[in-house]
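For reference, the structure is listed below as structure tokens.
Since every read-out is calculated from the coordinates, none of them should be taken as a lab result. Just so we're clear, the structure is a prediction, and the values are computed from it rather than from any experiment. Methodologically, a virtual Cβ is constructed for each residue, glycine included, from the backbone with ideal geometry; neighbour enumeration extends over all protein chains shown.
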Amino acid sequence: MFFPARSATLLDKPLAPRHAGCMAFESETSSPLDSLWQEYGRAFRDWDDLTLARWLAQTLGQLEGKVWRLSHPLVGAYRLAAQLGHERAIWFKRLATPPAAYAESPCCRAPFLPLLTRDVREAGLICQHCNETLVPFAEIPAPLREALEAWGQRYESVHAVAHWDDRQRRRAGNYDAAYEAAAQQAETLLARAGNELAPKLLNFYPAAVWEDQDECLDVRPEDVSL
Ligand SMILES: [Zn+2]
């Protein structure tokens, strides 16, 4: 169970968390952005296991105690290295010791580093090493789960506008205006995730990453100001 068959291809989508409701956006052929991230990832492939393990462990020390945008360059670099480390089963080899604050993940035994996405109610918090569910929604500590529940529900209804069918679009009248309004609401909700919700994760976890974009509503990280 620790090595899902698709782990070898995790680097294909290093920056794209899986969003179940948006499967139409995941094609078999990789996008130009995916190819670019694969190219970035090649820098880490030249590193031997020990170098990779030490870099990961040291960088976890730098990540500790803060919340991070998914778009942050340090997080991007960490994710590339972490997913390669997962392919190579770095954490099983115990080549380097992560900072003590990081518990072992139940999914892949890597250090515990959760990602908060808009799919939190369905997918829980996501592991930055293996891309699987790190904490199922039902197992998120209660006070945090309640805050995430309300936010996630609100976000789902806003996000759904991007996936309205023709009938729903016609009913809205001016779909462009509805889409733009949804994008602006998404920006506000994502800012709340960064300002309020992700910091609450620090009450339970040593560091946390939050997704600061919405590709379906064309909300980019620079649109989400804190
Ligand atoms: Zn994992």
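Structural remarks
- Protection proxy ranking of 110-123, 181-194, 52-65 - average other beta-carbon atoms within 10 Å, highest first: 110-123, 181-194, 52-65
- Fraction of the pair-distance distribution of segment 5-223 above 25 Å, Cα-Cα pairs, percent: 40 percent
- Of all the options 93, 66, 200, the one that moves most in a Gaussian network model of the chain with Cα springs shorter than 10 angstrom is 93.
- With a Förster radius of 22 Å applied to the beta-carbon distance between residue 30 and residue 121, the computed FRET efficiency rounds to 0.20.
- Chymotrypsin sites (Phe, Trp or Tyr not before Pro) lying in DSSP loop within segment 148-193, provided at most 11 other Cβ fall within 10 Å: none
- Mean-position separation - Cα centroids, segment 165-201 and segment 31-51, in angstrom: 33 Å
- The mean sequence separation of alpha-carbon pairs under 8 Å and at least six residues apart, normalised by the residue count of the chain, gives a relative contact order of 22 percent.
- Packing here is the average count of other Cβ atoms within 10 Å per residue, and on that basis the peptides 32-39, 204-211, 165-172, highest first, run 204-211, 32-39, 165-172.
- Förster radius 41 Å - calculated FRET efficiency between residue 46 and residue 100, Cβ distance, rounded to 0.05: 0.85
- Taking the square roots of five times each eigenvalue of the Cα gyration tensor of segment 156-218, the equivalent ellipsoid has semi-axes of 30, 10, 8 Å, listed largest first.
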